[in-house]
Amino acid sequence: MAVFTNRPYAGAADLQVMISLVAARPAERITDYPGIVDLREMLGRSEMRTNTRLWEDADGQFVGFAILYVTYNKLLFEVAPQVAGGDVEAQMIAWGVERVQQVGQERSDPITLEVSCRDDNTERIALLERHGFVAQETRTLHMIRSLDEPIPEPQVPEGLVVRHVEGEHEVEPLVALHRAAFGSENITVEDRLSWMRVPGYDPELDLIAVAPDGTFAAYCMCSISEEENACTGRNEGYTDPVATHPAFRRQGLARVLLLTGFQLLKQRGVETAVLSTWGENTAMQQTAKSVGFRVQSTTVFFTKQSPRSLAHLQGRK
């Protein structure tokens, strides 16, 4: 039986081998979560580094990694093709279950571990089901839009101004906008800064709509990853996340920012815009479709209750 060990994340050299593993996926799955940009963003945050481990074989060769995204109790893991389907994934899942119990030991609610994958990744789905994960109704839709198609001129509502983010000094109102838009306190200043500090971040593509009194009304963070495009052979640019403050909804601001983003991406030679949104977010889906997006792929979510959660539930009966 092969022997594998795991160790904590140790810095930039580890990030590079993790990225190399993701880049070795089949081209159509290189940008599956977590992609190259996702890893750079996540491991720019101290909490994520603390909850990342790398697996090695008996010769000390890297064979995979696992990350617990503590905010969402979400386990992310990737293994090298030569060890896929063996003991490594089982060890990673066991580590995720143990770690989520440690992180959530002070919580009174049942603890669940979440994993996601594309709905056509039959091998990963079979693996999760073997380990007791149960499919949920939650979905993420991944959408694309050719920039060769006509791009309507954005119609900015009177009194508002669309501009790009000026710098990191604007991060706090950006976080406040995001929290208000999604009704969640999950995103932090450190999170937003990690997005803005990845290689290739272009503030001129980080768009905001500003009200006359200076309030940030909406934003759309567009970006281009030359690194990912080189791996996939595609020429894509991101047009998400998109968020509108509740006080400024129904004014077409998301549409305005997306169309503005299309123009800027096309000026930079990008051929295809991509966007992801929750399956439950019908308003965003409608807006995306209105500017030409169509669904390309879907991510499905699976959850597994930890043994401690099951005992907790049984004790309440």
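Values in this text are rule-based calculations from the coordinates and carry no lab data. Because the structure is a prediction, the values reported are computed rather than measured. Quick reminder, even Gly has a Cβ in these numbers, built from the backbone with ideal geometry, and neighbours come from all protein chains shown.
Across bins of 5 angstrom width beginning at 0, how are the C-alpha pair distances of segment 55-196 distributed, in whole percent?
Once binned at 5 Å, the Cα pair distances of segment 55-196 give 2, 7, 12, 13, 14, 15, 13, 10, 7, 5, 2, 1, 0.
If r is the Cβ-Cβ distance from ALA126 to GLU28 and R0 is 25 Å, what FRET efficiency results, to the nearest 0.05?
Values: r = 19 Å, r/R0 = 0.76.
Working from the Cβ atoms, E equals 0.85.
Provide the FRET efficiency to the nearest 0.05 for the VAL3-VAL134 pair, computing r from the beta carbons and using R0 = 35 Å.
0.65
At R0 = 25 Å, how high is the FRET efficiency between ARG45 and ALA12 if r is their beta carbon distance? Nearest 0.05 is fine.
0.95
Picking from VAL242, ALA24, LEU113, whose Cα lies most toward the positive end of the charge dipole for the chain (charges on Cβ: Lys, Arg +1; Asp, Glu -1)?
The listed residue farthest towards the positive side: LEU113.
Return the loop-located GluC sites (Glu not before Pro) in segment 107-191 (DSSP other than H, G, I, E, B) with at most 12 other Cβ atoms within 10 Å of their own Cβ; answer none if there are none.
GLU158, GLU166, GLU185
Give me the extension gain from GLU271 to LYS289: residue separation times 0.36 nm, minus the current Cα-Cα distance, reported in nm with one decimal.
So the extension gain works out to 4.7 nm.
Put a dot 7 Å past each Cα toward the Cβ at HIS164 and TYR69; how far apart are the dots in nm?
2.7
Quick one: if you stick a label point 7 Å off each Cα along the C-beta vector at GLN82 and GLU56, how many nm between them?
So the two model labels end up 1.6 nm from each other.
Using the Cα centre as the reference, give the magnitude of the dipole from point charges on the C-beta atoms of the chain (Lys, Arg: +1; Asp, Glu: -1; all else neutral), rounded to the nearest 20 debye.
That gives the chain a dipole magnitude of about 860 debye.
Note the per residue figure in Å³ for the convex hull of the C-alpha positions in segment 17-110.
113
Using alpha carbons only, how many angstrom separate the centre of segment 149-192 from the centre of segment 76-97?
Here the answer is 37 Å between Cα centres.
If the reach is capped at under 20 angstrom between alpha carbons, list the aspartates and glutamates near LYS266, excluding any in the same chain fewer than eight residues apart.
Answer for LYS266, where 20 Å is the Cα cut-off: ASP148, GLU149, GLU153, ASP202, GLU204, ASP206, GLU226, GLU227, GLU228, GLU236, ASP240, listed by chain and number.
Quick one: pull the percentage of alpha-carbon pairs in the chain with a separation above 24 Å.
Every Cα pair in the chain considered, those over 24 Å come to 57 percent.
Could you tell me the relative contact order of segment 150-291? Use alpha-carbon pairs under 8 Å, at least six residues apart, and round to a whole percent.
26
If you scale each eigenvalue of the Cα gyration tensor by 5 and take the root, what three semi-axes come out for segment 208-261, rounded to whole angstrom and sorted largest first?
29, 10, 8
Return the sequence-ordered ³J(HN,Hα) values of segment 163-175 in whole Hz as given by the Karplus equation 6.51 cos²θ - 1.76 cosθ + 1.60 applied to θ = phi - 60°, using x for Gly and Pro.
Those phi angles translate into 8, 9, 5, 7, x, 5, 5, 9, 5, 5, x, 5, 5 Hz.
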